[in-house]
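Novice: One structure is given below, represented as structure tokens, and several questions about it will come after.
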Amino acid sequence: MKIVLWVAQGLLAVLFAGAGGMKVVMAKDSLVPLMPWVVDFSSGMVKVIGVLEVLGAVGLVLPALTLIAPVLTPIAATGLAVVMLGGGIVHIGRGEYPHSIGNLVVLALAVLVAWGRFGPYALAARNWG
């Protein structure tokens, strides 16, 4: 199960670093063809979402690898699950049902990591991984 959690953490980290990085560095108008939902949000809010996603990506991996404050890993996963829940609500509200299914899948992965790292597979200094 530890390997499954690490794979999930890695996939989520890559996904959120990429998507969040795009939101941080690209102008809102440039994001519209890729992410039509951004028209419903201010440029500042899109940047905030992007920063949260990038920080969450770092939090999924770095504390677990370094064992410095490893409790941050499941906290990051929980935060990203909340972001995905919000994203799913936005997509459903816009009638973008296929996108909401994607949100649900990513939400499930984030919940898996949070559950595993808070509970039975929590990282500890004497039990790496």
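Novice: What Rg and what Dmax come out for the chain when only alpha-carbon atoms are used, in angstroms?
Specialist: Over the chain's Cα set, Rg and Dmax evaluate to 15.2, 49 Å.
Novice: Given 0.36 nm per residue, what is the gain on full extension from residue 104 to residue 4 after removing their alpha carbon distance, in nm? Kindly include the intermediate steps, with their values, before the conclusion.
Specialist: Numbers: separation 100, 0.36 × 100 = 36.00 nm, distance 1.84 nm.
Length difference between fully extended and current span is 34.2 nm.
Novice: By how many nm would the segment from residue 68 to residue 11 grow when fully extended, if each residue of separation counts as 0.36 nm and the alpha-carbon distance is taken off? Mind showing how you got there, number by number?
Specialist: Numbers: separation 57, 0.36 × 57 = 20.52 nm, distance 2.12 nm.
Length gained between residue 68 and residue 11: 18.4 nm.
Novice: Under a straight-distance cross-link criterion of Cα-Cα below 22 Å, which lysines are reachable from residue 47, leaving out those fewer than 8 residues away in the same chain?
Specialist: 23, 28
The numbers here are math on the coordinates, done by the rules we state, and not lab data. Keep in mind the model is a prediction, meaning the values are calculated, not measured.
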